[in-house]
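Colleague: Let me begin by handing over the structure; questions about it come next.
What follows is calculated from the coordinates using simple rules that are stated; it is not laboratory data. Note that the coordinates shown come from a computational prediction; the quantities given were computed from them, not determined experimentally. Positions of Cβ are generated from backbone atoms using ideal geometry, with glycine treated the same way; all protein chains shown enter the neighbour counts.
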Amino acid sequence: MAKASEIKNGNVLRFNGELVSVEEFIHRTPGNLRAFYQARMRNVKTGKLVEYRFRTDEEVEICRVETNDYQYLYDDGDFFVVMDNNTYDQFNIPKHLFGTTARFLKEGMNVIVAFESEEPIMAQAPHSVELEVTYTEPAVKGDTSTNATKTATVETGVEIKVPLFINQGDKIKIDTSNGAYIERVKN
């Protein structure tokens, strides 16, 4: 157990039986009252925001979290199977930890996974991915109005909006956080 004064932004705590990530941690000394720490924390599993005031001498449990790069191997029902690049150990990571970015995962990609005592608590896909367009309507010559887009299907099966000049077989870069087209990749 540690004292509240040892908490830093980014730490993961066990708070009321749940894992929370500390987003903001401020020391406050209001006038003639006792000093305290104001914490804004986010529940790791649910994403719910929690605010709490810690006394300066309050005991807290700071969890040891190991974050590492892993290679995504394949989809296995409700899990993604990833492999540690150093030890070649394989782990089953629940799909929900990746959130909406899971739809852009392609076999062989590197992902980041955080473990707290053998349990995966956070997973993150790359910020942008390069995928091949498997289907899109062909561009019509002269159809070049400003910011015109069309729907394209990429190799993971996701449909996104792309500019009219993108053709089937082109590789494009996609922002995984919102599924937006970034640019066409030059070969």
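Colleague: Given the pairs LYS106/LYS186; LYS45/LYS150; LYS48/LYS95; LYS161/LYS186; LYS95/LYS171; LYS3/LYS48, which are separated by over 30 angstrom at their Cα positions?
Modeller: Values: LYS106/LYS186 19 Å; LYS45/LYS150 36 Å; LYS48/LYS95 19 Å; LYS161/LYS186 19 Å; LYS95/LYS171 26 Å; LYS3/LYS48 24 Å.
Over 30 Å apart, Cα to Cα: LYS45/LYS150.
Colleague: Right, next: Whole angstrom only: what separates the Cα centroid of region 146-169 from the Cα centroid of region 13-82?
Modeller: Centre-to-centre distance over Cα atoms comes out at 39 Å.
Colleague: Next question. What percent does the relative contact order of region 65-124 come to when contacts are Cα pairs within less than 8 Å and at least six residues apart?
Modeller: On the way: 106 pairs, mean separation 22.7, N = 60.
Relative CO of region 65-124 lands at 38 percent.
Colleague: At a Förster distance of 35 Å, what's the computed FRET efficiency of PHE79 paired with ASN16, Cβ-Cβ distance as r, to 0.05?
Modeller: On the way: r = 28 Å, r/R0 = 0.79.
With R0 = 35 Å, the Cβ-Cβ based efficiency is 0.80.
Colleague: While we're here: Less than 14 Å apart at the alpha-carbon level, and either on another chain or at least 8 residues along: which aspartates and glutamates does that give for LYS173?
Modeller: Straight-line reach from LYS173, under 14 Å: GLU130, GLU132, GLU155, GLU159, GLU183.
Colleague: What's the FRET efficiency of ASN68 with THR151 using the Cβ-Cβ distance as r and R₀ = 30 Å, to the nearest 0.05?
Modeller: Values: r = 37 Å, r/R0 = 1.22.
That pair, ASN68 with THR151, gives E of 0.25.
Colleague: Separate question: Taking θ as phi - 60°, what are the ³J(HN,Hα) couplings along region 110-122 by the Karplus curve (6.51, -1.76, 1.60), each to the nearest whole Hz, with x for Gly and Pro?
Modeller: Couplings: 8, 10, 10, 10, 10, 10, 10, 6, 6, 10, x, 10, 9 Hz.
Colleague: Pull out the extension gain between ASP57 and PHE165, defined as 0.36 nm times the separation in residues minus the alpha carbon to alpha carbon distance; nm, one decimal. Can you show the working numbers first?
Modeller: Working: separation 108, 0.36 × 108 = 38.88 nm, distance 6.24 nm.
32.6 nm is the gain from fully extending ASP57 to PHE165.
Colleague: What relative contact order, as a whole-number percentage, does the chain give when Cα pairs under 8 Å and 6 or more residues apart are counted?
Modeller: Values: 389 pairs, mean separation 25.8, N = 187.
Rounded, it is 14 percent for the chain.
Colleague: For region 2-63, what's the relative contact order in percent, using C-alpha pairs closer than 8 Å and at least 6 residues apart?
Modeller: Numbers: 127 pairs, mean separation 24.2, N = 62.
It comes to 39 percent, rounded to a whole number.
Colleague: With equal scatterers on the alpha carbons only and no solvent term, can you work out the Debye log10 of I(q)/I(0) for the chain at 0.16 1/Å?
Modeller: -0.98
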